[in-house]
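Some notes on the structure that comes next.
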């Protein structure tokens, strides 16, 4: 086993601020390529990773983001990582222990900031390897529905230290947000209750439509056209940042040149946000042995290949690899679109009372002519909050396993984001705020690969409402497995930044186009369950259903929205499933 050394260093920035870092080097190796992670989670927490890289013959530099750990300045999420990363990459490349080649490493926030640093086009940057890379405006807010999640995340990063314990106290946040929900208060009030301001977090509640704010936090098309480095992106079907990771990958394919596209690799495993080391289990959901991959070892082989120190990892025999759940096999394709199935429509139908799992509507191969189903989005009904204040029944969960991804309590926000995939509690009782449809039992297994789409005709007597769509496989024994989801604020149904209120009580075509990517073999005798429901969750921004922008709504504007789902000859409704033949 190769020996290694470690020492603290300071990296100068162009404005005079110095970033604290820990440098790991293989002992006696001379000039070697370097891998850098710029992290807000404290450089010391990357110690074991740095040791592994040094033993592989690579330098590893764990850098505290500006204002974090041993770094000067003030931490402002999304603001400084790009320019600071450029300066750090170029400084590292010029050091006597580096051969001039630098790669980037990390996941989640440090997956996002790799793209932000690459946007600056540092000449010494040779590759990025973003895992579970967040993208604002895609992951949060999703479909125009804001969340206070980012504030909870910022609580962990207060000052120069880590506040895991306070952020992990789900009951505190449930109580604060639940109280605001009950009195139609704004989630913008949460910092005042906690006593900590974190400038910029409120963007997720104010800028809920896609626009310049979010565009400024992703690489520009111009930078992507000039970027020609190899990229290896990794995500999981149950990763909360799955949509963001795929958007980053698709944008590099779209805007990058031919050389860039040929080096733009993507792995989609069965993992969740915490399982990006390549585990074979997500909560209570167990996968086959093929799911378990040493992703850190794979990444180290990738860096060695890019730096000219070894062969390309054999696993990467195609640009895009995905794990087909239940089949326990990996499949490859030249592009993300090439591996996706062809859309197969399942048409919604009902007797007009599809309000629960026992008397649901149905999903059929042919369009129907059946009466509309109706439900409400009721800001005065606080019963859904009782569900999220109860412990999840999923096994092997505990309240201390994730600071900002609470495993122990039910949460529609986290479940629709892929967390706790065997938990279907939010279909068991919609409290009249949702409708449910089931397919007939499958006559043979089918492979679902890609992003579904739901095409609805809705009539809403209010200017706005927030809807959540949940898609499950219901196994022969009645247990469920989460497949995909989408969120949509109806005023943003056309994808516009400002939004357009719904026409009153008028059938309007609404398409849910931003479902999460699914990759699973659905078993014989399984059924498909579709749930369309109001959000009614304290971890999502409450919509009072008025024409006013949601963050400006006043309690007196609250109104019940009555929503009809039409499925007659003039208004066919269909769930489009990507099925691989």
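The values are calculated or read from the model by the stated rules, or taken from the named source; none is laboratory data. All of these numbers come straight from a predicted model, not from anything done at the bench. Neighbour counts are summed over all protein chains in view; Cβ atoms, including those assigned to glycine, are modelled from backbone coordinates with ideal geometry.
Out of 492, 567, 551, I need the residue that is more than 28 Å from residue 389 (Cα to Cα) and over 20 Å from the mean Cα position of the chain (by Cα). Which one?
So the residue among 492, 567, 551 that is more than 28 Å from residue 389 (Cα to Cα) and over 20 Å from the mean Cα position of the chain (by Cα) is 567.
Go through region 103-157 and give me each residue that's part of a strand (DSSP E or B) and over 15 Å from the mean Cα position of the chain (by Cα).
Matches in region 103-157: 103, 104, 105, 106, 125, 126, 127, 128, 129.
Just checking, does region 362-373 include any residue being in contact with a helix residue (DSSP H, G or I) (Cβ under 8 Å, 6 or more places away or on another chain) and either surrounded by fewer than 20 Cβ atoms within 10 Å (Cβ to Cβ) or closer than 30 Å to residue 99 by Cβ (or both)?
Within region 362-373 (the criterion being in contact with a helix residue (DSSP H, G or I) (Cβ under 8 Å, 6 or more places away or on another chain) and either surrounded by fewer than 20 Cβ atoms within 10 Å (Cβ to Cβ) or closer than 30 Å to residue 99 by Cβ (or both)), the answer is no, since none of the residues qualifies.
Considering each residue of region 264-303, count those that are assigned to a helix (DSSP H, G or I) and either in the same structural domain as residue 480 (by TED's automatic domain parsing) or free of Cβ contacts under 8 Å to residues at least 60 places away in the same chain (or both), and give that number.
7
In region 532-573, which residue that is assigned to a helix (DSSP H, G or I) and touching a residue at least 40 places away in the same chain (Cβ under 8 Å) is nearest to residue 361 (Cα to Cα)?
550
What do you reckon, is residue 517 on the phi < 0 side of the Ramachandran plot and modelled with pLDDT of 95 or more?
When the stated conditions are applied, residue 517 passes them.
Just give me the residues in region 109-142 being out of contact with any helix residue (DSSP H, G or I) (no Cβ under 6 Å at 6 or more places or on another chain), more than 17 Å from residue 230 (Cα to Cα) and buried (at least 24 other Cβ atoms within 10 Å of the Cβ), in sequence order.
Residues satisfying the conditions are 110, 142.
In region 218-233, how many residues are surrounded by fewer than 21 Cβ atoms within 10 Å (Cβ to Cβ) and either under 18 Å from the mean Cα position of the chain (by Cα) or outside any loop (DSSP other than H, G, I, E, B) (or both)?
So the answer is 5.
Of all the strands (runs of 3 or more DSSP E) wholly in region 9-73, which have at least 3 residues that are out of contact with any strand residue (DSSP E or B) (no Cβ under 7 Å at 6 or more places or on another chain) and closer than 20 Å to residue 98 by Cβ?
Per the criteria, no element qualifies.
So which residues in region 350-361 are in contact with a strand residue (DSSP E or B) (Cβ under 6 Å, 6 or more places away or on another chain) and surrounded by fewer than 18 Cβ atoms within 10 Å (Cβ to Cβ)?
Correct list: 352 only.
Only one of these is farther than 17 Å from residue 271 by Cα, buried (at least 20 other Cβ atoms within 10 Å of the Cβ) and in contact (Cβ under 8 Å) with a residue 60 or more places away in the chain: 307, 347. Name it.
307
Please verify whether region 425-432 includes one or more residues that are more than 26 Å from residue 171 (Cβ to Cβ), modelled with pLDDT of 95 or more and either in contact with a strand residue (DSSP E or B) (Cβ under 8 Å, 6 or more places away or on another chain) or assigned by TED's automatic domain parsing to the domain that holds residue 471 (or both).
yes
Out of 480, 519, 548, 497, I need the residue that is out of contact with any helix residue (DSSP H, G or I) (no Cβ under 7 Å at 6 or more places or on another chain) and over 20 Å from residue 419 (Cα atoms). Which one?
When all the criteria are applied, what remains is 497.
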